[in-house]
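As structure tokens, the structure follows; a few thoughts come after it.
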Amino acid sequence: MTILHALVRNGRVVVDEPTDLPDGAKVDLLLLDAASDLGPEEQAALEASVGRGLAEADRGELHSVDEVLARLRRI
């Protein structure tokens, strides 16, 4: 997993650091709400959790939609 930090300028997402991504590469964006009430430690924990989830997905450790919905219904 790679985390890139970017800003929006004139309606466009601008990455503020060099990357070695090839031209035309598709990326997914996770927007961090600027108005969020998460503190720095909570934000770091959230980002770490997302990173762990992406790593699990990369390893093929996935759950079916039916399984996830069944779990949610039991809550």
**Asked** Looking at L30, L4, which one is at pLDDT below 85, among the aliphatic types (A, V, I, L, M) and loosely packed, with under 10 Cβ neighbours inside 10 Å?
**Response** L30
**Request:** Within segment 49-59, work out how many residues are hydrophobic (A, V, I, L, M, F, W, C) and over 17 Å from D28 (Cα atoms).
**Result:** 0
**Request:** Output the number of the condition that G60 fails; it satisfies all remaining conditions of (1) surrounded by 11 or more Cβ atoms within 10 Å (Cβ to Cβ); (2) part of a loop (DSSP other than H, G, I, E, B); (3) at pLDDT 90 or above.
**Result:** (1)
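Take L30 and tell me if it is without any contact (Cβ under 8 Å) to a residue 60 or more places away in the chain and in contact with a helix residue (DSSP H, G or I) (Cβ under 8 Å, 6 or more places away or on another chain). So that I can check it myself, show each step before the final result.
Numbers: without any contact (Cβ under 8 Å) to a residue 60 or more places away in the chain: yes; in contact with a helix residue (DSSP H, G or I) (Cβ under 8 Å, 6 or more places away or on another chain): yes.
For L30, the condition - without any contact (Cβ under 8 Å) to a residue 60 or more places away in the chain and in contact with a helix residue (DSSP H, G or I) (Cβ under 8 Å, 6 or more places away or on another chain) - is met.
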**Prompt:** Does segment 8-24 contain at least one residue that is surrounded by 10 or more Cβ atoms within 10 Å (Cβ to Cβ), assigned to a loop (DSSP other than H, G, I, E, B) and modelled with pLDDT under 90?
**Reply:** yes
**Message:** Please pick out the residue among D66, D37 that is assigned to a loop (DSSP other than H, G, I, E, B) and surrounded by fewer than 10 Cβ atoms within 10 Å (Cβ to Cβ).
**Reply:** D37
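The values are calculated or read from the model by the stated rules, or taken from the named source; none is laboratory data. Predicted model, so just to flag it, every value in this text is computed and none were measured. Here Cβ is always computed from backbone atoms with ideal geometry, including for glycine, and neighbour counts include all displayed protein chains.
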